């Protein structure tokens, strides 16, 4: 039976996840890509090299992150966090977030790891400032 999750249950799904699907709008079309992320202070942080995803988010800042916990076809939870895209541009904040991402995901590709460790500006650090979450579960 499918049931709605309350806000704390939906946040629990998001906090437990490591990979989610970022949804945004690109040229009036939905665009969804998988990302690794971390959660802190009601924000979801990630990083990216420049490209389609970043261009889309810069042009239409409203976005969401969908996260699943799937145990089986009939036992799963799914949550979506809705918020606004914001780039992290302060050097100290960028460095701290990149370090946290590297600690959480030590197997980033060598290129990503090198760029992130060097704090290269080609790496864009961003967050979604979350204003609400929803979720459902099948038990």
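A compact table of results
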item: FRET efficiency, residue 26 to residue 86 (Cβ-Cβ, R0 22 Å, nearest 0.05); result: 0.75
item: Kirkwood-based shape ratio for the chain, expressed as Rg/Rh from alpha carbons; result: 0.99
item: Convex hull volume per residue in cubic angstrom - Cα atoms of the range 50-110; result: 153
item: For the chain, built as a Gaussian network whose Cα springs stay under 10 Å, the top-fluctuating residue of 92, 38, 65; result: 92
item: On Cα atoms only, tilt of 91-104 relative to the major axis of the chain in degrees; result: 50
item: Helical contribution to [θ] at 222 nm, DSSP H n ≥ 4, -39,500 (n - 2.57), averaged over the chain, rounded to 500; result: -8500 deg cm²/dmol
item: Average Cα contact separation per residue, the range 2-138, under 8 Å, 6 or more apart, as relative contact order %; result: 35
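Laboratory data are not the source of any read-out in this text; all were calculated from the coordinates shown. Given the structure is predicted, the values throughout are model-derived calculations rather than measurements. Neighbour counts are summed over all protein chains in view; Cβ atoms, including those assigned to glycine, are modelled from backbone coordinates with ideal geometry.
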